[in-house]
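None of the figures in this text is laboratory data; all of them are computed from the coordinates on show. Note that the structure is predicted; figures quoted are calculated from it, not measured. Methodologically, a virtual Cβ is constructed for each residue, glycine included, from the backbone with ideal geometry; neighbour enumeration extends over all protein chains shown.
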Amino acid sequence: MKFKIGDKVRISGDLYVSSNAEKPVSKITSKVTYITRIAKGSKHPYNTTGDLGWMNESSIELYKEPTPSYEVEIELTDKDGLIDYLKNHNDKIIMISSDELKKVLGL
């Protein structure tokens with residue numbers, strides 16, 4: 001079995017009233033939930049939180065938490081003409097140690 005009870009998943013697809021039902025009774029799109037029951041050897045072996053219905057493995061994927069993104073805004077104080085140098089030499093790379101960077105930023 002690809003999934004186990006407790007897996008956080010995203011489901012999209014047909015829902016069946018039982019694990020061996022012939023026809024779907026409903027459909028769901030992009031719902032994040034958890035696997036709560038597994039009926040090994042059945043046509044639609046997975047059920048999820050809230051007993052939404054039984055599902056095929058192909059309608060389920062492991063949920064991946066979105067990676068948080070951060071925006072940082074800093075204000076630089078020109079030290080020894082560094083900002084002017086950067087403006088006039090935008091094709092250069094400056095390497096600086098973290099201790100020196102802390103001094104430049106006044107941290």
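Scalar couplings 3J(HN,Hα) for the stretch 30-45, obtained by applying the Karplus form with A = 6.51, B = -1.76, C = 1.60 to θ = phi - 60°, are 6, 9, 8, 7, 10, 6, 10, 9, 9, 10, 4, x, 9, 5, 10, x Hz; x denotes Gly and Pro.
For the peptides 31-43, 57-69, 12-24, the ranking by mean Cβ contacts within 10 Å, running from highest to lowest, is 12-24, 31-43, 57-69.
For residue 7, the residues whose modelled amide H falls within less than 5 Å of its own, excluding neighbours fewer than 5 places apart on the same chain, are 35.
Dividing the mean sequence gap of close Cα pairs (under 8 Å, 6+ apart) by how many residues the chain holds gives a relative contact order of 23 percent. Here the residues 1, 95, ranked from fewest to most Cβ neighbours within 10 Å of their Cβ, fall in the order 95, 1.
Please enumerate, by chain and number, the lysines with C-alpha under 24 Å from the C-alpha of residue 103, excluding those fewer than 8 residues away in the same chain. The qualifying lysines are 79, 87, 92.
What is the sum of charges, Lys and Arg at +1 and Asp and Glu at -1, for the other residues whose Cβ falls under 11 Å from the Cβ of residue 45? Here the charged neighbours net out to +3. Between residue 100 and residue 71, the C-beta separation translates, for a Förster distance of 35 Å, into a calculated FRET efficiency of about 0.90. A helix-only calculation puts the chain at -3500 deg cm²/dmol for mean residue ellipticity at 222 nm, using -39500 (n - 2.57) for each DSSP H run of at least four residues, averaged over all residues. Rounded to the nearest Hz, the phi-derived 3J(HN,Hα) couplings of the stretch 56-64 under the Karplus curve 6.51 cos²θ - 1.76 cosθ + 1.60 (θ = phi - 60°) are 7, 4, 5, 9, 10, 9, 4, 7, 10, where x marks glycine and proline.
Along its principal axes, the chain has C-alpha extents of 76, 24, 21 angstrom, given from the largest down.
Above 13 angstrom, tally the Cα pairs of the stretch 8-62 and express them as a % of all pairs, no decimals.
Here the tail beyond 13 Å accounts for 49 percent of pairs.
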